[in-house]
Amino acid sequence: MTRILFKEGLFEEIEGKPTLIGSKCRSCGQAFFPSKLVCLNCMSTEVELIRLSRDGKLYTYTTVYMNSEHFSSPYTIGWIELREGIRIFSQIRGWQEQPLRIGMDMRIYVETLWQNGDNEVVGFVFRPQPERVWP
Amino acid sequence: MAMREVAIIGVGSTVFGKFPQKAIFELGTEAIWAALKDAGISPKDIQFAYYANLYGGMVEGQAALRDAGITDIEVTNVENACTGGATAIRRAWYDIASGLYDIGIAIGAESMTTSPIAGKLIPPAKGDVSGELGMNTVAKFALSQRRYMDVCGVTLQQIAQVSVKNHHNGCTNPYSQYKREFSVADIINSRLICDPITQLQSCSTTDGAAAAVLTSLDIAKRFTTRPVIIAASIIRAGDYAFRQKDLTFSDMTNKASKDAYIMAGVGPDDIDLCELHDAFAVNELQHYVELDFCRSGEEVGLLMDGVTDLKGRLPVNPSGGLLSKGHPLSATGVAQIAEIVWQLRGQAGVNQIAGARIGLAHTLGGEVADLEAGAVGIHILKI
């Protein structure tokens, strides 16, 4: 089995901890994922690559009950809102173990998205984090 | 440039339903003949055509026009997802308004049963990042609906009521696919597609075509005493998704409708009926707000109080809408125009809205990563 990336340049793993690579405009402050060479908000070329937050909040989600090109039913997808002010569209894993709720804490992981012949296609997913219990 | 007023003098449509034995262009030809007959003109009078289709092959328009006796003119094939039909109307409107031509036809035709996505959830174009990660058009609106329910407090029963209303209207529209009443329980308990959207909160797989003959208002008066004027014609692509503040509110629909009201010189209070893009029941409630029919938070009241019923102050989707009449993607925008023309002329049969003078048509569609959506179309017609 060969591991191949879903797409190049979307994330990096430092000491086993995955981080999405985005960009931020030095002029207007808009963040992007995937990263852009030009700010699509103000067209400035003064952009820098940034490591996006590994944690975010679940903005919304749905479980899909029909197969897609790469995923068999049922699978769950959603939007995760990051501190940088952008929403990331992602596969959501761990939803069968922990019921999802808008606003809950989510964290990025790198996992196999699907298998393509002898290739294991690897990408990012988000998983719900244990709910904090306040004393 | 001084623009001419443009009128519709003829419309036609196939019945909507499942016709896998018919080629797309055969559906198109049937709609063209119906529109020519309604206009009382000959195929030889048509100077140009726009033909919207998404899932067919090359030069579908020429094939459909050929069997309606129309050849050797300018023909343009149009693709703009669910807004394809509205885009064909818009382009035909412009060619006449500008004075380039005097008389032309806009057609939308689609066969979903024979399309490559039959029995599947409609994915974005090949290679689209969100599509690769499992996005489809139902999921897009399920994501919006989940937030609409959990954050805005709208219930599944209220959303299902849209489908109850539109299926009721579809029962008495001879062009409608379903022609069957459903209860809130039927709708909620139907098969789950993308949670919380069930099968009966969604439009079905539909084949069909519609056509409209357009001409300048001056010329229209030679053919009819009751021309229907295109008071506003707007097509607009979506903006970047990062600019969309809230996934429960379509900025592009709101911006396009504001442009349309200005162009027509009317306000939302002047609209007598509306055919809007209820591909999913939830869309209709959200569109009430985006089309400025009411303020945010008042849309459920509009539905539950019967304001948007057939007999209400502002009937919405009197045809049955996409939910009941059906949604052959590229045909929808033209079919909405046909429904409104029949209403304004007083020819809508059982579903006739008494004294309707101004109608609004709205379509929205096309899933593409990083944009709100592909395209929105708004037309305002008046008599």
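No value in this document is a laboratory result; all are computed from the given coordinates. Bear in mind the structure is a predicted one, so any value in this text is a computation, not a measurement. No Cβ is skipped: glycine too gets one built from the backbone with ideal geometry, and neighbour counts run over all protein chains shown.
Some points to look at:
- Rg in Å to one decimal, and Dmax rounded to a whole Å, for the protein assembly as shown via C-alpha atoms: 23.7, 82
- When each of the peptides B:77-85, B:53-61 is scored by how many other beta carbons lie within 10 Å of its residues on average, the order from highest to lowest is B:77-85, B:53-61.
- Against chain B, whose longest principal axis comes from its Cα atoms, helix B:281-290 is set at around 70 degrees.
- Distance between the modelled labels on B:Trp33 and B:Gln347, one decimal in nanometres: 1.7 nm (7 Å Cα→Cβ projection).
- Cα-based reach from B:Lys22 at 29 Å (exclusive), listing lysines while leaving out same-chain residues under 8 positions away: B:Lys37, B:Lys44, B:Lys120, B:Lys126, B:Lys179, B:Lys325
- Dipole axis of the range B:171-246 (+1 Lys, Arg; -1 Asp, Glu on Cβ), positive-most option in B:Tyr240, B:Ala210, B:Thr225: B:Thr225
- The aspartates and glutamates within cross-link reach of B:Lys311, meaning a Cα-to-Cα straight distance under 18 Å and a gap of 8 or more places when in the same chain, are B:Glu181, B:Asp269, B:Asp270, B:Asp272, B:Glu275, B:Glu284, B:Glu299, B:Glu339.
- Taking the Cα centre of chain B as reference, the dipole from Cβ charges on Lys and Arg (+1) and Asp and Glu (-1) amounts to some 540 debye.
- Alpha carbon centroid spacing (whole Å) that separates the range B:39-76 from the range B:322-347: 20 Å
- Projected-area average for the range B:1-114 over all orientations - Cα convex hull basis, square nanometres: 6.9 nm²
- Around the Cα centre of the range A:2-128, unit charges on the Cβ atoms of Lys, Arg, Asp and Glu (plus for the first two, minus for the last two) sum to a dipole of about 400 debye.
- Helix B:137-152 vs. chain B, principal-axis angle (Cα, 0 to 90°, nearest 10): 50 degrees
- Placing pseudo-labels 7 Å out from each Cα toward the beta carbon at B:Ala354 and B:Ile117 gives an inter-label distance of 4.2 nm.
- Rounded to the nearest 0.05, the FRET efficiency derived from the C-beta distance between B:Lys221 and B:Asp259 at R0 = 25 Å is 0.35.
- Leading residue at positive end of dipole, chain B (Cβ point charges), from B:Ala106, B:Leu273, B:Ile41: B:Ile41
- In units of the compact-protein estimate 2.2 N^0.38 Å, the range A:11-86 shows a Cα radius of gyration of 1.35.
- With coordinates expressed along the principal axes, the C-alpha atoms belonging to the range A:2-128 extend over 43, 35, 30 Å, beginning with the largest.
- Fully extended contour minus Cα-Cα distance, from B:Arg295 to B:Thr71, at 0.36 nm per residue: 75.7 nm
- Distribution of pairwise C-alpha distances over the range B:122-276, 10 Å bins, in %: 8, 24, 35, 24, 8, 1
- Mean separation of Cα contacts under 8 Å (6+ apart) over length of the range A:2-128, as relative contact order %: 23 percent
- For the range A:2-128, with +1 on Lys and Arg beta carbons and -1 on Asp and Glu, the positive-most of A:Gln96, A:Asn116, A:Gly9 along the dipole: A:Gln96
- Label-to-label distance, nm, for residues given as B:Gln199 and A:Arg51 (7 Å Cα→Cβ offset): 4.9 nm
- Student exercise, the range B:11-65 dipole from Lys, Arg, Asp, Glu Cβ charges, in Debye to nearest 20: 80 debye
- Gyration tensor (Cα) of the range A:64-135, equivalent ellipsoid semi-axes in angstrom: 24, 14, 12
- Taking only the C-alpha atoms of chain B, Rg followed by Dmax gives 19.1, 57 Å.
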